[in-house]
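The values are calculated or read from the model by the stated rules, or taken from the named source; none is laboratory data. None of the values given here were measured: they were computed from a predicted structure. Positions of Cβ are backbone-derived with ideal geometry, glycine not excepted, and every protein chain shown enters the neighbour counts.
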Amino acid sequence: MKKVYVLDTNVLLHDPAALFCFEDNDVILPITLIEELDRFKKNSDITGRNARQVSRTLDALRQQGHLTDGISLKQGGVLRVALCQRETLRLLPAELEHSNGDNTILAVALDWKSQCQCPVVLVSKDTNLRIKADALGLIAQDYETNKVDIDELYTGTAEVMVPPELIDQLFKDGSVMLKDPLLPNQAVTLIDQTNLAHTALGIVDASSGKVLPLIKLPRDGVSNIQARNREQKFALDLLLHDSIALVTLVGKAGTGKTLLAMAAGLQKVADERIYNRLLISRPVVPMGKDIGYLPGDIKEKLTPWMQPLYDNFDLIFGSQTTIGKPKHWRSGYEELLEQGILQIEPLTYIRGRTIPKQFLVVDEAQNLTPHEVKTILTRAGEGTKIVLTGDPDQIDNPYIDAASNGLTYAVERFKHDPLAGHITLQKGERSPLAERAAILL
């Protein structure tokens with residue numbers, strides 16, 4: 001049955017293509033939505049870009065006729081800009097009589113419900129607006145496109161019970177073919193069905209489908225960082241495979257996501273010379289209340305945002321020692337910066353760039369929208385490897401959540417792709433206190 005969807009402004013700020021995501025159903029844009037887009041369009045962030053894109057799309061559709069009369073969409077529905085009837089606004093409860101944006105959207109939805117024989121659905125990413133709509137007898141839904149089921153998020157790992165001879169074959173022949181269907185670059189733990197303590201770790205080769213043993217790591221670790229658990233071993237294997245162009249690492253605080261990515265990047269850039277530069281970036285999104293503008297040049301402004309990255313470099317270079325005397329670790333990454341081997345910058349300036357033959361680490365990727373992640377991935381030039389790291393439970397961006405952020409979206413969309421690999425890190429290794437805090441709090 002055909003439906004009428006009334007959209008809230010935040011839906012289009014989240015996904016400017018949402019206008020065309022409702023199949024052959026009708027889409028209603030309250031006039032107050034256009035007013036709110038006008039306020040957002042001057043912003044320099046993703047909301048401003050999305051607002052401008054929606055405005056350009058509507059202006060192009062306007063060439064086909066009057067938006068208030070309705071414009072036919074390719075998928076079969078009709079797009080309309082609806083005016084708010086004052087009579088309907090007066091019918092709202094006394095608490096909602098003020099003609100702010102949310103109440104005007106509710107009034108438009110109620111007006112269409114009274115005149116339309118088909119179901120009218122209000123679509124909003126604002127939880128409170130959905131609650132108010134439900135109280136008024138309206139059907140209210142979140143915008144579900146690009147959302148993933150966070151409880152069923154692909155972990156990138158699998159445990160398979162096998163006869164003992166298959167484990168022996170893996171070490172003897174260097175590969176083994178399993179009957180169970182597995183995904184490309186999936187990490188596998190082979191468990192001896194006759195002796196559960198007899199196990200082997202491997203990675204599914206994307207081209208042959210066979211399970212291959214993990215890369216043998218140097219005795220002193222990768223950039224002097226040792227894997228401390230099974231998932232970290234899997235993660236390093238994906239990070240060190242040059243044929244895997246995209247690696248996504250998801251895990252709670254302290255599981256080693258950023259540290260492993262940076263250590264592998266240094267190994268590939270400074271030691272093996274596979275890539276020309278290690279480029280590390282993260283979105284500039286504050287946790288809690290922002291303290292305002294920061295003084296100084298761009299380097300000084302970025303220092304507070306990039307300090308977590310410097311902390312990881314302190315750990316990497318601080319673990320290097322000379323005979324009986326610790327090395328001055330801070331000179332390590334400063335020298336790489338001076339040589340141009342290492343570059344640390346915000347994501348603000350990545351649009352329009354082409355990044356060839358670089359090892360790009362995007363930290364805190366859970367604060368990015370699917371559209372921003374797409375923008376980053378499409379910057380990759382020939383020979384570039386991209387690593388996305390983050391924790392969906394630590395989102396500071398008010399426009400996304402654990403199910404709609406760009407990191408989890410990329411994990412699900414790329415899980416069948418031979419160019420990508422993913423690992424969900426489970427165990428915290430930062431400290432016993434950090435691990436207990438992540439579990440208990």
In the stretch 29-45, residues that are buried (at least 20 other Cβ atoms within 10 Å of the Cβ) and out of contact with any helix residue (DSSP H, G or I) (no Cβ under 6 Å at 6 or more places or on another chain) total 1
Considering (1) without any contact (Cβ under 8 Å) to a residue 12 or more places away in the chain; (2) of a type outside the set (Ser, Thr, Tyr); (3) crowded, with 16+ Cβ neighbours inside 10 Å, say which one Ala51 fails and leave the rest.
-> (1)
Can you name every residue in the stretch 227-245 that is small (Gly, Ala, Ser) and part of a helix (DSSP H, G or I)?
-> Ala235
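Do the conditions hold for Leu96, that is, is it over 23 Å from Asp401 (Cβ atoms) and free of Cβ contacts under 8 Å to residues at least 60 places away in the same chain?
On the way: over 23 Å from Asp401 (Cβ atoms): yes; free of Cβ contacts under 8 Å to residues at least 60 places away in the same chain: yes.
For Leu96, the condition - over 23 Å from Asp401 (Cβ atoms) and free of Cβ contacts under 8 Å to residues at least 60 places away in the same chain - is met.
In contact with a helix residue (DSSP H, G or I) (Cβ under 7 Å, 6 or more places away or on another chain) and surrounded by 16 or more Cβ atoms within 10 Å (Cβ to Cβ): is that true of Asp8 in this structure?
Values: in contact with a helix residue (DSSP H, G or I) (Cβ under 7 Å, 6 or more places away or on another chain): yes; surrounded by 16 or more Cβ atoms within 10 Å (Cβ to Cβ): yes.
Against the criterion (in contact with a helix residue (DSSP H, G or I) (Cβ under 7 Å, 6 or more places away or on another chain) and surrounded by 16 or more Cβ atoms within 10 Å (Cβ to Cβ)), Asp8 qualifies.
Can Thr424 be described as modelled with pLDDT of 95 or more, buried (at least 18 other Cβ atoms within 10 Å of the Cβ) and not in a loop (DSSP other than H, G, I, E, B)?
Working: modelled with pLDDT of 95 or more: yes; buried (at least 18 other Cβ atoms within 10 Å of the Cβ): yes; not in a loop (DSSP other than H, G, I, E, B): yes.
Yes.
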Any hit, the stretch 401-417, residues being of a type in the set (Val, Ile, Thr) and at pLDDT 90 or above | yes
Return a yes/no flag: does the stretch 147-155 have any residue that is surrounded by fewer than 17 Cβ atoms within 10 Å (Cβ to Cβ), under 25 Å from Leu425 (Cβ atoms), in contact (Cβ under 8 Å) with a residue 60 or more places away in the chain and not aromatic (Phe, Trp, Tyr).
-> yes
For the stretch 113-134, name all the residues that are surrounded by fewer than 13 Cβ atoms within 10 Å (Cβ to Cβ) and part of a helix (DSSP H, G or I).
-> Ser114, Gln115, Thr127, Asn128, Ile131, Asp134
Residues located in the stretch 186-226, provided they are touching a strand residue (DSSP E or B) at 6+ places or on another chain (Cβ under 6 Å), among the polar types (S, T, N, Q) and part of a loop (DSSP other than H, G, I, E, B) = Gln186, Gln193
Neighbours by Cβ (under 7 Å, 6+ apart or cross-chain): first from the stretch 199-224, farther than 23 Å from Glu272 by Cα; second part of a strand (DSSP E or B) and of a type in the set (Gly, Ala, Ser) | Val211/Gly202
Filter result for Leu440 (within 14 Å of Gly156 (Cα to Cα) and among the hydrophobic types (A, V, I, L, M, F, W, C)) | no
Determine whether Asp396 is free of Cβ contacts under 8 Å to residues at least 12 places away in the same chain, assigned by TED's automatic domain parsing to the domain that holds Ser281 and of a type outside the set (S, T, N, Q).
-> no
For the stretch 267-286, pairs from a residue that is under 13 Å from Leu368 (Cα atoms) to a residue that is surrounded by fewer than 17 Cβ atoms within 10 Å (Cβ to Cβ) and not polar (S, T, N, Q), with Cβ under 6 Å and 6 or more apart or across chains, are Ser281/Glu345; Val284/Pro346; Val285/Asp396
Looking at (1) in a loop (DSSP other than H, G, I, E, B); (2) outside the structural domain of Pro119 (by TED's automatic domain parsing), which is the one condition that is false for Gly137?
-> (2)
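Kindly indicate the residue of the stretch 364-396 that is part of a helix (DSSP H, G or I) and surrounded by fewer than 21 Cβ atoms within 10 Å (Cβ to Cβ) and also modelled with the highest pLDDT among those meeting that condition. Show your work before the answer.
As a first pass, look at the stretch 364-396 and keep what is part of a helix (DSSP H, G or I): 365-367, 370-377.
Cutting the leftovers down to surrounded by fewer than 21 Cβ atoms within 10 Å (Cβ to Cβ) gives us 371, 374-375, 377.
Details: His371: 84, Lys374: 92, Thr375: 88, Leu377: 95.
Looking at residues that are part of a helix (DSSP H, G or I) and surrounded by fewer than 21 Cβ atoms within 10 Å (Cβ to Cβ), I get Leu377.
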Please work out which one of (1) assigned to a loop (DSSP other than H, G, I, E, B); (2) modelled with pLDDT of 85 or more; (3) farther than 14 Å from Phe359 by Cα is the condition Asp290 fails and give its number.
-> (2)
For the stretch 161-193 the number of residues that are crowded, with 17+ Cβ neighbours inside 10 Å and either in the same structural domain as Leu240 (by TED's automatic domain parsing) or among the small types (Gly, Ala, Ser) (or both) is 1
